[in-house]
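Throughout, read-outs are computed from the coordinates displayed, never taken from laboratory work. Quantities reported herein were computed from a predicted structural model and do not represent experimental measurements. With ideal geometry, Cβ positions are generated from the backbone for all residues, glycine too; neighbour counts draw on all protein chains shown.
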Amino acid sequence: MQSLGKITIRFITFVLIGMIAVTSCAPVEKLKFASDAGTSSVKNEFKNDRTEKTIQPYDYLYIKIFSLDEKTNSIFNERSYSVDNELLSYAVDGAGNISMPFIGQINVKDMTINEAREKIEKSLGQYLNNISTIVRFVSNKVTVLGEVNQPGQHSFYDEKVTVFQAVGFAGGTSGFGDLSNVTLVREKNNVIKYYNLDLTRKSIAASEYYYLLPNDILIINPIKAKYRSLRDYALNLTATVLTSISAVLSIILITRSLNQ
């Protein structure tokens, strides 16, 4: 009986060690932002020249025209409200044009906000005196999908946001988001390109893809399925083993009490 008890204890110990080994298989380093796991010397300062966003087809522009003439103000500024941000906005068409009352179409494709403002003021200056304008982007959106808590489209009002801010818009990653395997989908000039990003590296801050552009799609891919399966398997097996251990110990105790 003592021999049986020793064997049982050894078996239980072996199973518990195995369970610990299985549950420790999750690649924790892939779940941490900018951790640089396994790197002996880590650089903590990076330079990223933030290029100014240019106007592209299907952007929305808030354009406010100021004039000393009240009639001019009413003509150019009485526009329908945007559902998303309640700002007066002009849509850029597929060719990069905006359509303004009495002026007609003005092409602003590939211009910065300041360049577009100067061109609009110059066009209006042919008909009006003493005017000034404000131009800014509105209705900017980025889509975050995959292993995040709030997947979907998220609005922002800056020219661009960082990849970390975008993940924050989506409520952060779930427990299965592989930050070393993130996909960026970007469309430009009717060409869609896919880029692989590693958000576990601090050097992402120096990447040209650190700043997202409006209409970008960020996909947080899951950790390999086997890790999720192993964890689920480990949890289920743990429950089964504990139940079996309890049954075995009960049988041993009952047998010993009967033999005494």
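What to note about this one:
- The range 92-121 and the range 157-218: distance between their alpha carbon centers, rounded to Å: 29 Å
- For the range 201-214, 3J(HN,Hα) per residue [Karplus equation, 6.51 cos²θ - 1.76 cosθ + 1.60, θ = phi - 60°, Hz, x = Gly/Pro]: 9, 5, 5, 4, 5, 9, 6, 5, 9, 5, 8, 8, 10, x
- Using a simple spin-label model with pseudo-atoms 7 Å out from Cα toward Cβ, residue 129 and residue 58 lie 4.4 nm apart.
- Under 5 Å, built H, 5+ apart or other chain: amide partners of residue 90: 61, 62, 63
- Residue by residue, the range 110-117 carries 3J(HN,Hα) couplings of 6, 8, 6, 4, 5, 5, 5, 4 Hz when phi is fed to the Karplus relation 6.51 cos²θ - 1.76 cosθ + 1.60 (θ = phi - 60°); x denotes Gly or Pro.
- Computed label-point distance, nm, for sites residue 240 and residue 66 using a 7 Å Cα→Cβ extension: 7.4 nm
- Packing rank of 192-205, 168-181, where each peptide gets the mean count of other beta carbons within 10 Å, highest leading: 168-181, 192-205
- Of the peptides 209-216, 101-108, the ranking by mean beta-carbon count within 10 Å, highest at the top, reads 209-216, 101-108.
- Charging the Cβ of each Asp and Glu at -1 and of each Lys and Arg at +1, and nothing else, the dipole of the range 144-201 about its Cα centre rounds to 180 debye.
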